[in-house]
Amino acid sequence: MNQTIFLKDKKIGDKIRFIGKLNSLNKGENFFNIDLLLKENFCINIKLKIENESLIKEKIYVFDTEYITMKNKNILFCEKYNIIENVLDWEQIYYYYNIFFKCSSLSFSEIDKRIDFFLSEIKNPILKKITNNLYQKNKKKFLISPASCKMHHNYYGGLGFHTCNMLKISNDYHQIYPFLNKDLLISGIILHDMAKIQEFDFINKKYNKEGTLIGHLILGNNNIHEEAILLGYQNKEEILLLKHLIIAHHGLLQYGSAKEPQISEALLIWYLDDLDAKLDALREKIKQTPTNEFTDSLPVINNKRFYNHNLDSE
């Protein structure tokens with residue numbers, strides 16, 4: 001399939017909707033020329049008015065077009081466009097992301113459902129309110145974002161998938177060690193990496209200025225502080241403890257923590273975060289390694305190599 005074959009049965013004046021990944025964008029004399037990669041694995045050229053300059057390469061868009069004749073040429077002219085996150089439901093969004101990019105095994109809607117369940121489990125009204133508020137405000141980016149550019153969960157939905165893994169495992173630990181505060185664990189885990197959506201330029205796979213100079217631990221702490229002020233919670237013990245969970249979740253100072261864990265829940269969140277990150281990176285590396293061979297070294301696990309044995313995982 002190509003554009004010529006696709007358009008051969010179309011009539012002038014037809015309205016056609018396209019959903020695809022923006023592959024290229026260049027400025028012509030009168031229009032932007034857009035090459036949109038479709039799920040059928042061919043590109044459609046769309047003309048867009050020159051004053052529209054908000055498009056971002058590698059993002060997935062919905063384009064509503066009209067097939068028209070201009071200067072003796074038949075073209076697809078864009079009438080309106082939007083990123084799919086603003087137009088489609090979560091199942092459809094995941095469907096298209098999964099076509100064009102590597103994504104988590106859990107769909108975005110399933111991640112959202114699981115996080116909503118754990119939010120409903122929080123009994124403390126202060127922790128419940130602030131965690132839910134921050135999740136709702138950041139949900140759109142949070143559900144889609146990778147957890148990192150390179151080290152672990154570096155695929156779309158990775159941030160939410162990583163969070164769900166930690167929530168699930170923490171629930172088991174709480175049953176074994178009920179002295180741990182379940183509400184603090186849930187709130188801390190949901191919020192621990194949320195500010196990564198502020199520190200990464202995921203399209204270009206690098207840290208932005210805020211990520212380089214401040215980082216997601218401090219950005220996340222600031223978000224909690226600002227939301228607490230809006231809610232009148234700034235002097236509550238729950239907020240102090242929640243802030244500690246965020247700034248201590250890298251464990252040791254040499255690993256980037258602003259403080260080392262000094263409450264039980266902070267210790268567990270650090271270990272769960274670290275373990276899930278390492279196992280995800282190892283899983284991806286094992287997939288790339290032939291049976292009965294050693295992996296390449298893994299930076300996230302102290303540059304160690306691991307043997308890919310041939311025993312079943314069942």
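Values quoted throughout were computed directly from the atomic coordinates according to the rules given, and no laboratory measurement underlies them. No experiment lies behind these values; they were computed from the predicted model shown. Positions of Cβ are backbone-derived with ideal geometry, glycine not excepted, and every protein chain shown enters the neighbour counts.
For segment 196-303, calculate the relative contact order in percent as a whole number, restricting contacts to Cα pairs under 8 Å that are 6 or more residues apart.
It comes to 14 percent, rounded to a whole number.
When ranked by the protection proxy of mean other Cβ atoms within 10 Å per residue, highest first, what sequence do the peptides 286-292, 38-44, 125-131 form?
125-131, 38-44, 286-292
What fraction, in whole percent, of alpha-carbon pairs in segment 3-86 exceed 19 Å separation?
Value for segment 3-86 (Cα pairs over 19 Å): 32 percent.
Only helical DSSP H runs with n ≥ 4 go in: add -39500 (n - 2.57) per run for the chain, normalise by residue count and round the 222 nm mean residue ellipticity to 500 deg cm²/dmol.
Using -39500 (n - 2.57) per qualifying helix, the result is -14000 deg cm²/dmol.
Sort 302-308, 142-148, 235-241, 214-220 by the packing proxy (mean of other Cβ within 10 Å over each peptide's residues), most packed first.
Highest mean packing first, the order is 142-148, 214-220, 235-241, 302-308.
In debye, nearest 20: dipole of segment 3-86 around its Cα centre with unit charges on the Cβ of K, R (+) and D, E (-)?
In debye, rounded to 20, segment 3-86 gives about 200.
Report, in whole Å, the centroid distance computed from the Cα atoms of segment 1-49 and segment 127-165.
Using only Cα atoms to place each centre, the spacing works out to 33 Å.
Take the alpha-carbon centre of segment 213-228, take the same for segment 257-314, and report the distance between them in whole Å.
Spelled out, the Cα-based centre of one part sits 27 Å from the other.
How big is the Cα convex hull of segment 90-299 in projection, averaged over all directions, in nm²?
Average projection, Cα convex hull of segment 90-299: 12.6 nm².
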